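First the structure, in the form of C-alpha cells, and then the observations on it.
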Amino acid sequence: MCGLIAVRAFSAAQNLEPSVRRALASLARRGPDGEGLATVEQAPATVLGHRRLAIYDTRSVAAQPMRCPHTGNSLVFNGAIYNFRSLRDELRAAGCVFVTDSDTEVLLHGWRIWGEALFARCNGMWALVIWDAASGDLVFCRDRLGVKPLYLCHDGQTAILASEISAIAEFRGGYPAPNPETLFDFLVTSYSEQSQATFFQGIQAVAPGQVYRLSRSGRSRTRAYHHWPQPGELEPLTPEALRELLADAVSLRLRADVPVASLLSGGLDSSIITHLALQASDAPQHRLQGAFTYAYQESEHAAFDESAKATAFMHASGNPDLHRIVRFAAIPSADELMHLVGMQGEPFATPSILAGFRTYRTIAEQGFKVVLGGEGADELLGGYTLRYHPLAVRGALHRGQWRQAARLMGHQTFPRTLLLNRMIWDMPLAMITPLLRRLRPSVQAISGDLWAAQRHRMEAIRDNARMDLEQRLRDDQLNSLLPRVLRMADRTSMDAGIELRSPFMDYRLIERALVTPAAERVGEQRSKMLLRSAFRAELPASVVDTPKNTGFGHAEQFLLRRLPWEPLLEDLPAELGNVIDVASLRRRLRDPHTEHSTLWQALAVALWYRRFYA
Amino acid sequence: MPDTFWQRGLANDSGQCRLCGATLGQRHFWTEVYANSGQQLRRCGHCAGVYLAPGFTDQGLDEFYAEHYRQLFPAEVPWFSKERFFSWRGDRAVAQQRLQLIAPQLAPGTRLFELGSGFGAFLGEAAAQRPDLQLLASEPDVTHCSTLLGRAQVHFVAGLDTLEPASLEGLVAFHTLEHVTAPLATLDLAARALRPDGQLWIEVPDLFGDWTSRLFVHPAHLSYFCQESLRNLAQAAGFEILSCGPHPLPSLHGNLWLHARRPAALLQRPLHAETEQTIEAIDNRIMRVDWRLRDSLKALAKRTAMRLLGPGAVGEWQRWRHRHPGGEPQK
C-alpha cells in the first residue's frame, strides 16, 4: 500500500523531477516508509515516483520504483498481490530468480514473462504503472474492482497518473474547475462513480479491469483483462462454497511482514472476518494480533454502540486480550471535519466515515499496518434491507405476482413509504423531476444554473433507478455503491498509513456471487441470508440472527444538524453559488427536522468547495 | 430508428479524447438523439477532435455492424429491387468519379488497398478501368462486400494490422475513418502498411458542412473532422500532406478530401495543439445546431413510419429524395 505518481511529457525536454517530488510529498501519508524516484533515460521525458508503506519484505531492497535487471522495465505499485507466493513459484519454474520476498518483484518478473496476461493471474488489489523498456510504453492498470485508486490527467502534452488527485494538483499547480455533471449526479443520487469522471474536470479515474498503454508517441490503447460473469457462466454460491471461499480469502489476506488487526464493529461481516482470521492464525507472519471496535463516549448514542456485543464476541472466541475499544465523541470539531474533507479529496456521501478515519489513526498509533475489514459484504451479499427489499416487492408487482408482493410486505422489513419511493421512478420523467426538485433536500439545494444546465441527466438517473433487484445488486457492486465505499475507505485508511484488506473483495467470491440469484443472496426476512446460512453453525446467534441496524459511525450520519457547519459556511467563494444555493442550505440545516437527510450531500459539496477553491 | 438503443456494447467512458487521449479541456455538448445511445458529443480543447463518447468495445463494434447498423439506417436497407437501390444511391457513379481523381496517380501494377470497402463499388470500377491494379480490401460486412465487385479480383483481409509492413503503394478510405474507434491508430497502421512514397486518400464528412440537424450525429460516426483536425491526425501518423480541404468533386460537396504521402522516414508523434480560433469555430458550428420541437416531431414521425412500414420502405423513400446525382456519398 503506497502512493505513486508517473508523469510523461511529450513537449520539449523538461526537468520533471522537481515537480514530481513536490507531488510525491502530497502522498506522504500513503507511504510513510520511504520515497523513490526514477527518471527514464529515453524520450519522451518520463518519471516514476513512489511513496512506500512497507508490508511485504520491509527491507530497502524491496523499495520502489523497482527495476528489472533483465529488461530495464521499471515499476511503481500500490496495493497487495495476495497470491504472490504461488505466482512466484510459477515464475521460478520459468527460470526467474528473486532477490526479495515482495509482491512487487513478482509483478516485475510476471510482466516480463506473461505480459498483459499477468493481471488475470493476480488475486489482490493494485494500481500500478510499468515503464516497458522494449516498447517505451507506459503501462498502467488497476485491479478488477478498482480497490486501489489511480487517476489520469492529460492535457495533450503531459500525462500525469497518481494515486490521489492532490498529487496531480500539486504537479500542475492547482485544481481544475469543478465538474458540473459529477456534482449534479452526486447531489441527486449521492453517487458519483457511475463513470470514470471525478469532481474535477479533466481528471479521470483509470477504469478497473483494464490495461492501458500510453506509447512514446502519445498513442493511448486500452484492453480489458477481466470480464465479470453473467448468470449461467459459473456455478452459483452455496453456503458451503461461500464459507470456503471466504476462509481462503481471509487466510490469503492475513499474511504480512507487519502486525495485522481487524475492524470489529460487532455486526455480522466483521465478526465473520475476525472469526476466520483467528481460526487461520498459525504463524508469526500469518496471525491476527488485534481487533478494534469504534464506540461513543456519550451515552445518548448507546443505541448505535455495539462495543458490548463485540466484547462478548471476543470473549466467546477466547481472545479477549486482542480486543481494543476506541471511544470518541460523535460530533467532530470543525478542524477535524475539514481535515476529513481535505483528505477525502472529493465530496463524500456520508459523515459516518469519520468513524473509520478515527479508528485507523488509533490502530496506526498502536503499531499496526494492516487491517482486515468487512467492506463489500453489504453490496455483494445484499445487506441493505431498506434498499433491496422494496425492490423485491416492486419487482413482484411489476410481474403481477400480487401474493408474493403481499408476503414480502408482510415481513415488515422496511417502511411502506420506501416502496412508494421506489415506485415513483415508474412515472414519466416529467413528473419525477419536479417531485425530486421539490422534495429531496440535496436536490432543492442545487443552484438554478446547475439545475438548468444538467437536468437532462435525469433521464439516465431515472433509467438507473428503474433497475430490478438483480440488476441493482450487480450495479451496486460494480458501478455505484461499492466503488463509492472503496474510494472513501482507501482515503480514510491510507491517511493513517494503514493497508485495508477486504476479504469480501476477493474476485473469486465476487464472480460466484454475481451469478447467484439476488433473492437468494438477500433473503426475505433479513438481509444477507446466504452469508448467515454459511456461518450459522459456528457463530453465536446474537451475531448471525441480528438484523443489520448499526455499523461503524452510524450515529454520525444522524447528527447532521449538530455538525459544526455554521462557521464553515461563512465566507464561501461566490462561485459556489453556481453549484449550491448556500442560503437555502443554511436555512434547511437550521431546520430542527433535519437529522438524517440527503442534505449532507449539499453540505459535503459546500465544504469540499471551501477546502479546494476558497 | 428504435426508441432505445442496445447499449451493452459501449465501452467505459474514459473521459479521454478519441483522437489524442487528452482528458483536460473536453467540452461536452449534447447527447446523441439519433439512436438515443446515451453517447455524448464532445470536443477536445487540445487537438480539436470532435467525437462521440463513450465508444464501443471491440465486440460491441462488431455486433453493432452485424446486428444494428442497417436497422438503424434505413437508407442502407434495399427494398424489392437491388438494382434501383444502388442506382438511386449512386454507388457506381460516385466510385467512377473517385477513381478519376486517384487513378492518374497510380503507377501500373500498384497494390491498392481499400479500408472499409462497403458494397465494393470502388473496387469494381477500379478493376474495370485499371485491370493492372492489385486490389486488396477489408470490410467487416462480409455478407455484402462482394455485391458491386463485378469481376474484380480482390484479396480481402481482416484488417490493416494483418498486412505486411511496407506492402502497399496506395490506400483509400472513403467514409471509413469516422466509423473507427481509434482513428489515429488506424492511420498509424495505414502508414505502416504503405511503402515509402505510398499514397493515402481519405474522404470523410466535413464538420463544417451544411448539416442543420442533430440527427447528423449518430453512433456509427464516432468522430467528426474538420480540415485542421484531419490534417493534424494524418501528420501525427507520419504522413506528408499533399492536399486537405473541401472535396474537389461537386457531387461530394460537404465532405473533406485528404491526399497524403508516406515519407521515407516515418516519424509518429502526438497530435499538436490546435489554435484557439479553430476550436472556437468548431464550438460555434456545433452550437448553431439546436433541437427543437420540430426535430422531435420529425424523429417521431420517422420512428413511427419505420414501425408501420418497415425500414425498407422508409429507406426507399429516403433514397428517392436524395437519389443520385446530387445524392449522398456512397462507398
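So which residues in the stretch A:203-239 are under 30 Å from residue A:157 (Cα atoms) and of a type in the set (S, T, N, Q), if there are any at all? Answer for the stretch A:203-239, where residues must be under 30 Å from residue A:157 (Cα atoms) and of a type in the set (S, T, N, Q): A:204, A:210, A:215, A:217, A:220, A:222.
Give the stretch A:256-281 a look and list any residue that's of a type in the set (Asp, Glu) and buried (at least 24 other Cβ atoms within 10 Å of the Cβ), or say none. Scanning the stretch A:256-281 gives a single hit, A:269. The set of residues in the stretch B:188-219 being within 14 Å of chain A (Cβ to nearest Cβ) and either within 29 Å of residue B:287 (Cα to Cα) or among the aromatic types (Phe, Trp, Tyr) (or both) consists of B:214 alone.
Pairs meeting the criteria (first residue in the stretch B:9-20 and farther than 13 Å from residue A:221 by Cβ and more than 9 Å from every other protein chain (Cβ to nearest Cβ), second residue in a loop (DSSP other than H, G, I, E, B) and of a type in the set (Ser, Thr, Tyr), beta carbons under 6 Å, at least 6 apart or on different chains) are B:9/B:57.
Results for (1) of a type outside the set (Gly, Ala, Ser); (2) part of a helix (DSSP H, G or I), shown as yes or no for each residue.
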residue: A:386; (1), (2): yes, yes
residue: A:396; (1), (2): no, yes
residue: A:407; (1), (2): yes, yes
residue: A:414; (1), (2): yes, no
residue: A:424; (1), (2): yes, yes
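Inspect all residues belonging to the stretch B:61-77 and state whether any of them is at negative phi, within 14 Å of another protein chain (Cβ to nearest Cβ) and touching a residue at least 24 places away in the same chain (Cβ under 8 Å). Within the stretch B:61-77, one or more residues are at negative phi, within 14 Å of another protein chain (Cβ to nearest Cβ) and touching a residue at least 24 places away in the same chain (Cβ under 8 Å). Within the stretch A:563-614, the only residue that satisfies the criterion of being within 22 Å of residue A:198 (Cα to Cα), out of contact with any helix residue (DSSP H, G or I) (no Cβ under 6 Å at 6 or more places or on another chain), of a type outside the set (A, V, I, L, M) and not in a helix (DSSP H, G or I) is A:581. Residue count for the stretch B:215-236, restricted to those that are touching a strand residue (DSSP E or B) at 6+ places or on another chain (Cβ under 9 Å), surrounded by fewer than 21 Cβ atoms within 10 Å (Cβ to Cβ) and more than 18 Å from residue B:275 (Cβ to Cβ): 3. Number of residues in the stretch B:28-48 that are more than 10 Å from chain A (Cβ to nearest Cβ) and either within 26 Å of residue A:213 (Cβ to Cβ) or outside any loop (DSSP other than H, G, I, E, B) (or both): the value is 6. Among the residues of the stretch B:258-270, the one identified as within 7 Å of another protein chain (Cβ to nearest Cβ) and either touching a Cys at 6+ places or on another chain (Cβ under 9 Å) or not in a loop (DSSP other than H, G, I, E, B) (or both) is B:270.
For residue A:167, indicate whether it is touching a strand residue (DSSP E or B) at 6+ places or on another chain (Cβ under 9 Å), away from every other protein chain (no Cβ under 11 Å) and not charged (D, E, K, R). It is true that residue A:167 is touching a strand residue (DSSP E or B) at 6+ places or on another chain (Cβ under 9 Å), away from every other protein chain (no Cβ under 11 Å) and not charged (D, E, K, R). Taking the stretch A:286-310 as the range and being in a strand (DSSP E or B) and more than 18 Å from residue A:354 (Cα to Cα) as the test, the residues that pass are A:286, A:288, A:289, A:290, A:291. For residue A:455, the stated conditions hold: it is in a helix (DSSP H, G or I) and within 14 Å of chain B (Cβ to nearest Cβ).
Screening residue A:550 with (1) at pLDDT below 90; (2) touching a helix residue (DSSP H, G or I) at 6+ places or on another chain (Cβ under 8 Å); (3) exposed (fewer than 15 other Cβ atoms within 10 Å of the Cβ) gives one miss only, at (3). Of the strands (runs of 3 or more DSSP E) contained entirely in the stretch A:169-282, those carrying at least 3 residues that are modelled with pLDDT of 95 or more fall at A:203-205, A:210-214, A:260-263.
Considering only the stretch B:225-237, I want to know if a residue exists there that is in contact (Cβ under 8 Å) with a residue 40 or more places away in the chain, in contact with an Asp or Glu (Cβ under 8 Å, 6 or more places away or on another chain), away from every other protein chain (no Cβ under 14 Å) and over 30 Å from residue B:168 (Cβ atoms). No: the stretch B:225-237 contains no residue that is in contact (Cβ under 8 Å) with a residue 40 or more places away in the chain, in contact with an Asp or Glu (Cβ under 8 Å, 6 or more places away or on another chain), away from every other protein chain (no Cβ under 14 Å) and over 30 Å from residue B:168 (Cβ atoms).
The values are calculated or read from the model by the stated rules, or taken from the named source; none is laboratory data. All of these numbers come straight from a predicted model, not from anything done at the bench. Here Cβ is always computed from backbone atoms with ideal geometry, including for glycine, and neighbour counts include all displayed protein chains.
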